[in-house]
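**Q** The structure's right below; bear with me while I get my questions together.
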Amino acid sequence: MKMGNESEINIQDGKIPELEKMDFSSSSFDNELYKLFFDVEDYHDVVVEATRLKKVAILDVFKETMQIGDPRLDLLSNEYFRLSQENKYLSFFERVFEINDNEAYIDFGGEDDKRKIIESIDNDFEALDKIDRLIYMNQIDILNNGDNYIYKIENINLLKLFIKGFLREKIWNSLYFNSHPMILIANYDLSLPIIIDNDKDKKLYEKIANENNLFFR
């Protein structure tokens with residue numbers, strides 16, 4: 001669509017990004033983390049096993065685990081502080097998304113009752129920004145499929161919606177990145193468990209974290 005003689009607007013700019021249904025059972029992905037992500041039933045067990053194998057780290061705004069009585073603990077109940085830290089995480093995952101070929105995968109439990117999906121999304125709405133509400137509500141028909149629970153993300157704004165939902169403790173799922181295999185699991189207090197396939201990728205991700213004033217612990 002032309003405006004004047006020079007300007008041109010790409011009509012795709014106004015399209016709300018959508019999840020893509022995936023059939024992971026026929027995927028050609030072949031690494032340990034993919035199998036963990038696809039087969040997981042209990043995230044706690046996955047983190048325990050990954051810790052044993054020294055493949056887990058906590059992505060955090062603080063360098064070390066705080067002890068009882070540490071005054072910084074009060075910051076984690078301070079909404080202003082929590083929201084002020086979000087851009088660090090969003091910048092980190094924007095770079096992570098880029099080096100993983102602009103692809104990520106998220107798990108959603110299969111559901112064939114549209115009313116239940118709407119109720120679940122409505123429960124998350126209060127904690128989300130207006131633009132994220134628009135994106136999230138646009139996923140209802142896609143999620144209305146009881147036979148599917150793995151979805152592909154190919155849009156950074158869609159990914160950021162879920163990251164913010166994780167950080168605000170409203171969306172409880174996991175994300176998988178494949179090119180540099182990593183699983184991210186939702187958690188409390190701005191502390192996100194990440195499971196990384198190998199030391200080389202762990203160093204890469206830690207470098208990106210530090211560039212965004214985040215830390216592995």
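The values are calculated or read from the model by the stated rules, or taken from the named source; none is laboratory data. Quick caveat, the model's predicted, so the values are computed rather than measured. Don't worry about glycine lacking a Cβ; one is built from the backbone with ideal geometry, like all the others, and counts go over all protein chains shown. The accessibility values were calculated without ligands, DNA or RNA, using every heavy atom of the protein model including side chains. Shrake-Rupley method; radii C 1.70, N 1.55, O 1.52, S 1.80 Å.
**Q** Compute the relative contact order of the chain as a whole-number percentage, counting only Cα pairs closer than 8 Å that sit 6 or more residues apart in sequence. Don't skip to the end; give the middle numbers.
**A** Details: 304 pairs, mean separation 74.0, N = 217.
This gives 34 percent for the chain.
**Q** Taking a probe of 1.4 Å, how large is the accessible area per residue of the chain, in Å²?
**A** 56 Å²
**Q** Could I ask something else about it? Provide the solvent-accessible area of M66, counting protein heavy atoms only and rolling a 1.4 Å probe, rounded to the nearest 10 Å².
**A** 40 Å²
**Q** With a cut-off of 8 Å between alpha carbons and a minimum separation of six or more residues, what is the relative contact order of the range 157-217 in percent? Please list the in-between numbers first.
**A** Values: 59 pairs, mean separation 12.1, N = 61.
The value is 20 percent.
**Q** In deg cm²/dmol, rounded to 500, what helix-only [θ] at 222 nm does the chain give when every DSSP H run of at least 4 residues adds -39500 (n - 2.57) and the total is split over its residues? Intermediate results must be reported in sequence, preceding the final value.
**A** Values: 9 runs with 87 residues, N = 217.
Computed mean residue ellipticity for the chain: -11500 deg cm²/dmol.
**Q** Run the reach check for K202 against aspartates and glutamates, Cα to Cα strictly under 20 Å, same-chain hits fewer than 8 apart removed. What comes back?
**A** D30, E32, E49, D60, E64, E94, E98, D101, E103, E211
**Q** Shifting gears a bit: On C-alpha positions alone, give me the angle between the axis of helix 114-125 and the longest principal axis of the chain, in degrees, nearest 10.
**A** 60 degrees
**Q** Something else about it: Would you look at the GNM of the chain, springs on alpha carbons closer than 10 Å, and say which of L158, L192, L204 moves the most?
**A** L204
**Q** Sticking with this structure for a sec: Please report the antiparallel percentage of DSSP beta bridges with both residues in the chain, rounded to the nearest 5. Numbers along the way, then the final one.
**A** Details: 23 of 24 bridges.
Of the beta bridges lying entirely in the chain, close to 95 percent run antiparallel.
**Q** Which listed residue (M66, L76, I118) has the Cα farthest towards the positive end of the charge dipole for the range 52-128, taking +1 on Lys and Arg C-beta and -1 on Asp and Glu C-beta about the Cα centre?
**A** Projecting each Cα onto the dipole axis, the largest value belongs to M66.
**Q** Quick one: pull the percent of accessible area on the range 100-164 belonging to carbon and sulfur, 1.4 Å probe, ligands and nucleic acids left out.
**A** Working: 1280 of 3180 Å².
Solvent-exposed carbon and sulfur of the range 100-164 make up 40 percent of the total.
**Q** Please give the helix 199-211 orientation as an angle from the longest Cα principal axis of the chain, in degrees from 0 to 90, rounded to the nearest 10.
**A** 80 degrees
**Q** Run through the DSSP bridge list for the range 72-197 and note the antiparallel percent, rounded to the nearest 5. Don't skip to the end; give the middle numbers.
**A** Working: 13 of 14 bridges.
In the range 72-197, approximately 95 percent of DSSP beta bridges are antiparallel ones.
**Q** Comparing K200, K54, K170, which has the greatest mean-square fluctuation in the GNM of the chain with Cα pairs linked when under 10 Å apart?
**A** K200
**Q** Further, regarding this structure: Could you state the angle between the C-alpha long axis of helix 43-52 and the longest principal axis of the C-alpha atoms of the chain, as a value from 0 to 90 degrees rounded to the nearest 10?
**A** That helix lies at roughly 50 degrees to the long axis.
**Q** Based on alpha-carbon atoms only, what is the radius of gyration of the range 106-217 relative to the globular estimate 2.2 N^0.38 Å? Before the final figure, lay out each step's value.
**A** Details: Rg = 15.2 Å, N = 112, 2.2 N^0.38 = 13.2 Å.
That ratio works out to 1.15.
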